[in-house]
Amino acid sequence: MSDFYTPQLDPLHPTRHLKVLDTPFGPRSVYDSVSFCNRCGSCQQACPTYLLTAQETFSPRGRNQLVRLIAEGKLKLANNRALAEQALNTCLLCGRCTQACAGKIPTAEHMLELRRALRSQPLPRLLFKLLSCRTSHPHTFARLVRTGLWLRRIGLLRAARACGLTHLPGLNWLNHADDILPAYPARADRDAWREARVNPPADPTLLYLPSLEAEFFMPSLALAVLTWIRQKHRPLVLANVSSGLFAYVYGDLRQSRRQLRRLILRHGAVQNGTLPLLTDSVDVYLFLRRAPQLFAAWPHWQKKAQQFARHVVFVTDFLSAKAISADKSARVRLDCGALFAREGAPFDQARKILKTHFKKNFVECLYKDADVPAFGYNFVRGNLGEKICMSAVQSIARTQTGTVFTLSGLSALELNFYLKRFYPQAQADHFARLNG
Ligand code: SF4
Ligand code: SF4
């Protein structure tokens with residue numbers, strides 16, 4: 001097998017990079033993959049950052065050319081680092097360009113590879129440290145988050161905002177976190193969620209990996225998921241376990257591999273790895289399904305990852321239109337925002353269920369309709385992120401939609417913040433909470 005790695009990007013650290021990218025046309029190196037971009041521009045009108053800025057640097061074509069020129073050594077990073085970082089860190093990693101491209105060029109993956117080569121860190125340092133701590137010290141992380149939520153509940157965060165403390169350098173993200181996070185969960189929800197975690201079934205038939213938001217901020221989402229799956233399964237909750245997605249997008253690929261290995265072993269330890277592993281975040285689902293591409297240089301682990309990925313399922317697999325009791329006369333739509341892709345099984349299943357239940361009241365999203373950026377974007381790209389969210393709100397208002405369903409809890413929180421301010425007639429909720 002030829003060496004798929006693109007040494008030009010980062011000659012000294014091959015393990016910090018993907019050896020191959022899984023593309024619909026088979027495995028390719030990053031360099032091969034960007035070389036397949038023929039600069040046709042069919043993706044330009046699908047890219048939210050290009051639509052807002054009309055600048056080539058913010059387009060998929062421009063971003064791919066940047067990676068190619070750097071890989072070929074024609075563009076010296078030392079002289080163009082600021083330009084490269086701007087192009088990289090403004091990419092939403094949304095995969096809309098891949099959907100529009102005939103060659104299915106995975107631009108989002110190219111952006112991540114270049115970020116890793118540049119050691120570019122788009123998140124504020126403190127936020128990055130806090131979220132990284134979930135992997136290295138999960139108990140400390142849980143304590144810190146709960147303490148933070150409690151301080152917010154007693155009004156300390158509001159006071160800090162009023163004094164301007166959260167405008168100090170590196171603390172701005174606290175404002176956004178305060179804006180989008182829901183109110184402190186009700187005691188009944190907290191107790192029910194604790195009960196689900198501390199009393200595992202003796203013979204589980206499914207593993208549930210709750211997303212960060214379901215675990216800490218939206219126990220009502222985790223409980224709604226459990227209500228659906230308990231109709232057929234005895235779920236074992238994998239509490240406070242990191243999927244590796246955060247390190248994949250914002251950190252070190254080696255750390256992401258370590259977390260994935262741990263998760264694969266944990267999955268394999270229950271019923272010989274034959275149980276489905278369920279997640280409530282479409283971003284985590286898409287990442288775990290593509291886990292094998294992280295282990296291309298380790299055939300033994302790649303085989304395990306392939307077996308593991310086949311067992312990863314999403315909540316849409318457990319819902320059916322017949323079980324929905326929501327009011328059929330409401331106009332609803334589906335937000336397709338996700339990392340890496342906005343097509344495939346979860347989107348198709350969710351669309352089918354919504355269409356069957358709501359019939360003509362299901363608003364089909366147009367190809368150009370905006371979706372909410374995935375996790376982390378609005379913490380750092382305030383202005384651009386806000387404009388993208390506003391485009392989504394405008395399209396919701398244009399179609400007079402009442403409820404927008406998302407496949408990720410964080411997208412629902414983010415969208416709700418903008419809807420409350422600019423179109424309060426509508427609200428966003430996770431798809432798993434269809435029945436309220
Ligand atoms: S990414 Fe695809 S659609 Fe976009 S310019 Fe390249 S080949 Fe054309
Ligand atoms: S992943 Fe999204 S933001 Fe990035 S280039 Fe593609 S369409 Fe544009």
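Taken together, the values in this text are just the output of simple stated rules run on the coordinates, not laboratory data. Values in this document were obtained by computation on a predicted structure and should not be read as measured data. Neighbour counts run over all protein chains shown; Cβ positions are idealised from the backbone, glycine included.
Numbers below:
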quantity: Quotient of Cα Rg and 2.2 N^0.38 Å for the chain, N being how many residues it contains; calculated: 0.96
quantity: Over the chain: helical MRE at 222 nm, DSSP H runs n ≥ 4 each giving -39500 (n - 2.57), nearest 500; calculated: -15000 deg cm²/dmol
quantity: Mean Cα-pair separation over length for the range 294-356, i.e. relative contact order, pairs under 8 Å, 6 or more apart, %; calculated: 34 percent
quantity: Fewest-first sequence of Asp429, Asp10, Asp280, Asp179 by Cβ atoms within 10 Å of each Cβ; calculated: Asp179, Asp10, Asp429, Asp280
quantity: Positive-end residue, the chain charge dipole about Cα centroid, Cβ charges, pick of Gln394, Gln55, Phe340; calculated: Phe340
quantity: Cut-off under 5 Å, modelled amide H: who pairs with Ser59 long-range; calculated: none
quantity: Fewest-first sequence of Val313, Val372 by Cβ atoms within 10 Å of each Cβ; calculated: Val313, Val372
quantity: Sorted by Cβ neighbour density within 10 Å, fewest at the top, the residues His110, His300; calculated: His300, His110
quantity: DSSP-defined antiparallel bridges as percent of all bridges, the chain, nearest 5; calculated: 15 percent
quantity: Options His139, His176, His311, ranked by Cα towards positive dipole end of the chain, top entry (Cβ charges); calculated: His139
quantity: Pair Thr147, Arg258: separation of 7 Å Cα→Cβ label points (nm); calculated: 2.3 nm
